[in-house]
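Single-structure report; data block below.
The values are calculated or read from the model by the stated rules, or taken from the named source; none is laboratory data. All values derive from a computational prediction rather than experimental measurement. As a convention, Cβ positions derive from the backbone with ideal geometry for all residues, glycine included, and neighbour counts pool all protein chains shown.
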Amino acid sequence: MPRAVHHAIDVSATPEACWKVLADLTTWPRWFPRAKWASSLNGDPDPWRIGGRFEIAFDFGIAVTVRPVVEELEPARKVRWVGSGFGITGNHSYTFGSHAPGLTRVTSHEEFSGPGALLMTARIRRMLDEEVHLSLERFRDLVETRH
């Protein structure tokens, strides 16, 4: 059974403004906890397409680099990618829904599966949950300061 982390936040901006920040991989270390850098894989000029690849380097006390593949994309509406490492497969999506004028609900949903996911302790799951919540708060703040 997959382990899941799900959070949503309202951002005072359009879905397009939210997408612009998410699609700019250079912003990720500013809002994504533990991300040291993010970039397109092998100089791919456009990782934001079906089959597009990018990489994210994290610091968990040890360096971990994940190379997800984009599997679903509707710019400014939804993006979903899948990446694996250490026996864990992460299936992560962001959705952007406008539910009031000038307000976008940004939702992050990630499911972890595989043998490594079964070893995720309650403490690790709580940490991930807190970090996803924090990432959305930072994301909101960054989008709103640019908007």
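Quick notes on this one:
- Failed criterion for ASP59 (all others in (1) free of Cβ contacts under 8 Å to residues at least 40 places away in the same chain; (2) within 18 Å of ALA23 (Cα to Cα) hold): (2)
- Residues within the stretch 92-107 that are on the phi < 0 side of the Ramachandran plot and either modelled with pLDDT under 95 or hydrophobic (A, V, I, L, M, F, W, C) (or both), tallied: 7
- Top-ranked residue in the stretch 20-55 [being touching a Lys or Arg at 6+ places or on another chain (Cβ under 8 Å) and among the hydrophobic types (A, V, I, L, M, F, W, C); ranked as farthest from GLU131 (Cα to Cα)]: LEU41
- Condition met for GLU110 (acidic (Asp, Glu), assigned to a strand (DSSP E or B) and surrounded by 15 or more Cβ atoms within 10 Å (Cβ to Cβ)): yes
- All of (1) at pLDDT 95 or above; (2) touching a Gly at 6+ places or on another chain (Cβ under 7 Å); (3) of a type outside the set (D, E, K, R) hold for PHE86 with one exception: (1).
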